[in-house]
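The values are calculated or read from the model by the stated rules, or taken from the named source; none is laboratory data. Note that the structure is a prediction, hence the values are computed from the model and not measured. Virtual Cβ from ideal backbone geometry, glycine too; neighbours counted across all protein chains shown.
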2 protein chains.
Amino acid sequence: MEKAAGSPSVGGSYPQKNAEILSSQYGINLFLAGLLLTFAWAVHAVGISKSHLLSYLITLMLIQLLWMLWYLCRSCTQRRLIRDKDTHAGARWLKCGITLFAVITLILDSFKIGYYIDFSNCLSPTEGIFPVTHAVHTILQVYFLWCHAKDVIQSFKTLERFGVIHSVFTNLLLWTNGVLTESKHQLNEHKERLITLGFGNITIVLDDHAPQCNCTTTTLCSVFSQGIYYLYPFNIEYHILASTMLYVLWKNIGRKVEHHQQHKTPFKFHGITVGMIFGLIVLTSTIAIVVVYLIQIGRSKIKSELALTMFYLHAIFVLALMCTAGIVALLIYRLEDRSLDNSKNPARKLDAELLVGTAAGSWLLSWGSILAIICAQAHPKYTWYNLPYSVLVIIEKYIQNLFIIESIHREQEKVNDDIKTLRIVTISRGSTLSLTPSYKEIYNGRATRDNGEVPCLFKGSICRRENGGGGGAKEETSQENSLVMHSASDFSFYSSSSVTNSKRRILKNIAAFLFLCNLSLWIPPAFGCRPEYDNGLEEIVFGFEPWIIVVNLAMPFSIFYRMHSAASLFEVNCKT
Amino acid sequence: MEKAAGSPSVGGSYPQKNAEILSSQYGINLFLAGLLLTFAWAVHAVGISKSHLLSYLITLMLIQLLWMLWYLCRSCTQRRLIRDKDTHAGARWLKCGITLFAVITLILDSFKIGYYIDFSNCLSPTEGIFPVTHAVHTILQVYFLWCHAKDVIQSFKTLERFGVIHSVFTNLLLWTNGVLTESKHQLNEHKERLITLGFGNITIVLDDHAPQCNCTTTTLCSVFSQGIYYLYPFNIEYHILASTMLYVLWKNIGRKVEHHQQHKTPFKFHGITVGMIFGLIVLTSTIAIVVVYLIQIGRSKIKSELALTMFYLHAIFVLALMCTAGIVALLIYRLEDRSLDNSKNPARKLDAELLVGTAAGSWLLSWGSILAIICAQAHPKYTWYNLPYSVLVIIEKYIQNLFIIESIHREQEKVNDDIKTLRIVTISRGSTLSLTPSYKEIYNGRATRDNGEVPCLFKGSICRRENGGGGGAKEETSQENSLVMHSASDFSFYSSSSVTNSKRRILKNIAAFLFLCNLSLWIPPAFGCRPEYDNGLEEIVFGFEPWIIVVNLAMPFSIFYRMHSAASLFEVNCKT
């Protein structure tokens, strides 16, 4: 029997793959049960109240708290156990971002506690316990992520896997809960506007609007109940960010990490002035537009139409600029062809998948608008602006995703310089060391092998690869030839470095500009500026209920896309 | 400039990763637009009719036909371009399965053509063109998959990527369309039953029930319109299978494949008699139960309750048996610990993801039932059977997924025997060749590295790995020691081979039994035996509309899960 020999891993012989499946299935079931409770609450299921849902969430948070405390204690006492770190995971600016959102979430929690005290006569105790637990959970979780987001866990893997996946799905459920509360609020506001505009043909029922009793301290009540909804967008972002960071931690469990020497790339304002200026103009104008929009919409029919026209024209202008910037960046990339780094990197893989996946949310909405415009029988003038807007939303995200994903996969320039130096050294020694072809292969595009294999490290170890096929020797010779050929052109590299620098400056400016634009475009949907509701066209074509369902399902992803792409663009800016 | 050096791949310097993102984003948009058209048709959107949807689907199919023809011609004329084959993709039994489903799909198409001729007065021409195009599409696609499912495309990658992803999403849209038609039919039947049982409190509107004109040939009309719905389940499976095979083809584009020598593992009936007998008993009893259920349900309240009780009791019994079989199989795996093969294999990765992903569909339904039972105010006796049934559905899929995923990841036994022989040879020569530790590492669990790196091949090439860390030398010595230690136990291996053989026989029987059980459990939901509708409990708790939406969204995945796990279990049976 091979039992002993077959289990070289720490923590028993249970296969890694099984532990992964075991824990992910547990997480999915946890999430589905919570999702159905949330759904049941949303559709006013018989016998299921908000307090049931909150109790479930409180339980999950308490379990996560216990697990995090256990993990923190253990990692304090046994420091040697967690030696490996994934340098790509949990970047500092990501941690700063999550801390900012967490602080606002804590304010939200204090508002909720205040709200509960005001209306304690008619609210169930869970509505008071929930924000308290949530605040403690938030504080500990942010501390946990600051200390351990980079960990590559190698011990007691099964228990750790369950804890981390539990945390991932707890945060996802809290995100779902936040999204639903926010959607209900937006829908209520939309219905109130419809009442103002005098639409009588839609059955309008306000949902979970206000408690059934009077406020005890009249002055603060409206502050709390109004303020909560301005803070929710940050709470929502906090949970989805935490959940992605925890997911990366989960994916890293038991992984063998190569000890890359990471280039510290701090954010610098220097050299991105143009991009920043244009970006800030977009940001301020967007905020102005949102304020005007929220004041004007629903007041009267003419004011609503004006607000919509204004919103669309502004968005079309911004999106067109962003498309142009993205195309320019992609063209620059085509001019200087650099190999892509396809080494294993869970954080980056997740980033790319989330960009495409969450963009699908807003694409769905855009296709809905396009379909509605094509099929609608009556076209008020302002609705025509919806068509270029929707088309541009699709194209802009298409281009931006290409740009971001190529950017985060490009190898850092520093390495490229090193290899040039090495090549020159190699040639000057006149030797045809057998390790040269490996290096060439690694850094001239061959390393971007699709099987995800990590090439041997540039520094620290020497690696030798031999091809399984028969053509190995021939290939090697041809590579030697091209080596000599290229080394001649390498010397002209230093003269062209100013061109490279100017290209790099353009790219940095574009990334900065797109970063601020994405932040700007996050604001309107997050704070209730939703032309998909107010436009009316889609509601007429698809029907009120079906379209509301589509918007409420797709919008959270669309909002998250903007925040996530902003985060990715920040990284691109630092890396370029 | 590095342009020339950075582009060693065939077909231009455009990065692989970008082509992937470019084409996948195109596919997603194609799919979303189609999805919204389907949705618009389903909710009776103003100005969108079935013929719009069908025209869109016909266009997509024609584009795919053109692309497939181009690809077939090109691969005929330039045979040398496609040399690499992924031996894991497009297994023969998978091709046979898809051919079977395609033949039944062709019968469905001919029924649809007949139906169109019968009602040609009041049906739009697209309803006639659609089945004709679909038949041609089916024939060519099956031929395409037979010839090219294993291809690893290395030339003109971008155009190929677009073609393949177009085909993937066209099939997914056709799947969606089939699922929707089927769901509408099931819902209509359910509503008719409710009318029979005298439920007046639910607003019942039959949807797309029958054409507005009379049939021209009265005899065949009912055959066509009834027969269509018995053939739909096969059509649905055909499209989802085709789309997964095409997806694997897409993932393989541009991949570097190691030339594994694949073990041909034909299916043998020998040695799995016990599993087959039990499986066939389950299969026949399930068919009997389904027939009785469909006859009894909706006739009267008592008959419905009897049918439900019978269904639940049978399902509980079968699921309990399947759980036991799965647990036994997992325990056997724990006894003989073999290393898992984590090499890159898109077909296997997709299999595992689909198993967990589609199981989520039925888990959602089960959690809904559990929640409904807990929260319902009145509990008729037969509803209590729903609780163990739902719990068992969750547990059974949990265990079965673990079993299948571990099985498809286990390395084939043959390799294990080889390494034993090698070890003995090495020891008998008394030498401590430096390659021994590599082999040991590779085949004793270390090879299941998590970074997805493919270990050097056992046959054909010699590989040398050196650890980056400092402990290399020490490790090697300890491995030499364990080598000597193990070699002693190796000789006892041959005496214990009968134990291994009996274990293997048990595993094969379990796989065969589970295969037939999964096929059996595919039948009830696919052919309209849906206790989630007829049970009534969930509809009362969640409300009629919300629960119908949940069932219609989750059920297609639940049905696909059964067929997919049956296919995987067939593979497990062949491999064990």
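Observations, loosely collected:
- Test: residue in the range A:118-125 that is at pLDDT 85 or above and over 27 Å from the mean Cα position of the chain (by Cα): yes
- Scanning the range B:375-384 for residues that are farther than 20 Å from residue B:310 by Cβ and either touching an Asp or Glu at 6+ places or on another chain (Cβ under 8 Å) or more than 8 Å from every other protein chain (Cβ to nearest Cβ) (or both) yields a single hit, B:378.
Residues checked against (1) surrounded by 22 or more Cβ atoms within 10 Å (Cβ to Cβ); (2) at pLDDT 85 or above; (3) more than 30 Å from residue B:251 (Cβ to Cβ); (4) assigned by the TED database to the domain that holds residue B:52:
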position: B:114; (1), (2), (3), (4): no, yes, yes, yes
position: B:138; (1), (2), (3), (4): yes, yes, no, yes
position: B:149; (1), (2), (3), (4): yes, no, no, yes
position: B:157; (1), (2), (3), (4): no, no, no, yes
position: B:182; (1), (2), (3), (4): yes, yes, no, yes
position: B:194; (1), (2), (3), (4): no, no, yes, yes
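- Condition check for residue A:366: assigned to a helix (DSSP H, G or I), farther than 21 Å from residue A:87 by Cβ, at the interface with chain B (Cβ under 10 Å from one of its Cβ atoms) and among the hydroxyl-bearing types (Ser, Thr, Tyr): yes
- Scan of the range A:340-363 for residues that are part of a helix (DSSP H, G or I) and polar (S, T, N, Q), ordered by number: A:358, A:362
- Residue B:96 meets all of the listed conditions (1) modelled with pLDDT under 85; (2) within 18 Å of the chain's Cα centre (by Cα) but one, namely (1).
- Looking across the range B:113-149, just one residue is closer than 16 Å to residue B:99 by Cβ and assigned to a loop (DSSP other than H, G, I, E, B), and that is B:149.
- Extreme residue, surrounded by the most Cβ atoms within 10 Å (Cβ to Cβ), among residues of the range B:521-576 that are among the aromatic types (Phe, Trp, Tyr), farther than 18 Å from residue A:35 by Cα and within 14 Å of chain A (Cβ to nearest Cβ): B:561
- Filtering A:60, A:54, A:35 for residues that are closer than 29 Å to residue B:366 by Cβ, within 14 Å of another protein chain (Cβ to nearest Cβ) and either of a type in the set (A, V, I, L, M) or surrounded by fewer than 20 Cβ atoms within 10 Å (Cβ to Cβ) (or both) leaves a single hit, A:35.
- Checked across the range B:331-349, the condition of being away from chain A (no Cβ under 11 Å), in contact (Cβ under 8 Å) with a residue 60 or more places away in the chain and buried (at least 21 other Cβ atoms within 10 Å of the Cβ) holds for at least one residue.
- Lone unmet requirement of (1) at pLDDT below 90; (2) hydrophobic (A, V, I, L, M, F, W, C); (3) surrounded by 17 or more Cβ atoms within 10 Å (Cβ to Cβ) for residue B:30: (1)
- Close contacts from the range A:559-576, counting a first residue that is in contact (Cβ under 8 Å) with a residue 12 or more places away in the chain and a second that is of a type in the set (Lys, Arg), with Cβ to Cβ under 7 Å and a gap of 6+ residues or different chains, come to A:573/A:508; A:576/A:504; A:576/A:508.
- The range B:535-563, residues that are closer than 24 Å to residue B:291 by Cα, under 27 Å from the mean Cα position of the chain (by Cα) and not small (Gly, Ala, Ser): B:548, B:551, B:552, B:555, B:556, B:557, B:559, B:560, B:561, B:562, B:563
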